[in-house]
Amino acid sequence: MAKIKKNDQVIVIAGKEKGKQGTVLSISNDRVKVEGLNLVKKHQKPNRATGTEGSIVTQEASLHISNVAILNAATQKADRVGYQVDAEGVKTRVYKSTGESVATAK
């Protein structure tokens, strides 16, 4: 189960983008797309039906989920995520280091 969700602030902990921060755009299986990171160039074919010309498009490629960690806003460092159930039975995500609730930016 992925503990990182869409719109979370993450930091890359391994690979060529190590140390960079960004917002999660999408998650599929064990891959994560992060805004502005791991950019690749894609050759776009022309399409007469839609009237688009052929060009080279820069877009984000996915990273493996093990190479990113959630960013703790208070400490500005990578952190791990755990779950905590309160008295009403509501399950919330918390930082392992501080025990504070994870606030998702929307």
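Remarks
- Flag for LYS20 being open to solvent by 90 Å² or more (accessible area, probe 1.4 Å) and at pLDDT 95 or above: yes
- Scanning the range 89-106 for residues that are touching a residue at least 60 places away in the same chain (Cβ under 8 Å), crowded, with 16+ Cβ neighbours inside 10 Å and not hydrophobic (A, V, I, L, M, F, W, C) yields one hit, ARG93.
Residues are listed down the side, and each one gets a yes or a no for (1) assigned to a strand (DSSP E or B); (2) hydrophobic (A, V, I, L, M, F, W, C); (3) more than 18 Å from GLU17 (Cα to Cα):
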position: LYS33; (1), (2), (3): yes, no, no
position: GLY36; (1), (2), (3): no, no, no
position: ALA49; (1), (2), (3): no, yes, yes
position: GLN59; (1), (2), (3): yes, no, no
position: ILE70; (1), (2), (3): yes, yes, no
position: ALA87; (1), (2), (3): no, yes, yes
position: THR98; (1), (2), (3): no, no, yes
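- A count restricted to the range 24-47 and to residues that are within 8 Å of the chain's Cα centre (by Cα) and under 13 Å from ILE65 (Cα atoms) stands at 7.
- Tally, over the range 37-88, of residues that are surrounded by 11 or more Cβ atoms within 10 Å (Cβ to Cβ), without any contact (Cβ under 8 Å) to a residue 24 or more places away in the chain and of a type in the set (Asp, Glu): 1
The values are calculated or read from the model by the stated rules, or taken from the named source; none is laboratory data. Note that the structure is a prediction, hence the values are computed from the model and not measured. Please note: Cβ atoms are built from the backbone with ideal geometry, for glycine as well, and neighbour counts cover all protein chains shown. Quick note on the areas: whole protein, heavy atoms, side chains included, nothing else; ligands and nucleic acids left out. Shrake-Rupley method; radii C 1.70, N 1.55, O 1.52, S 1.80 Å.
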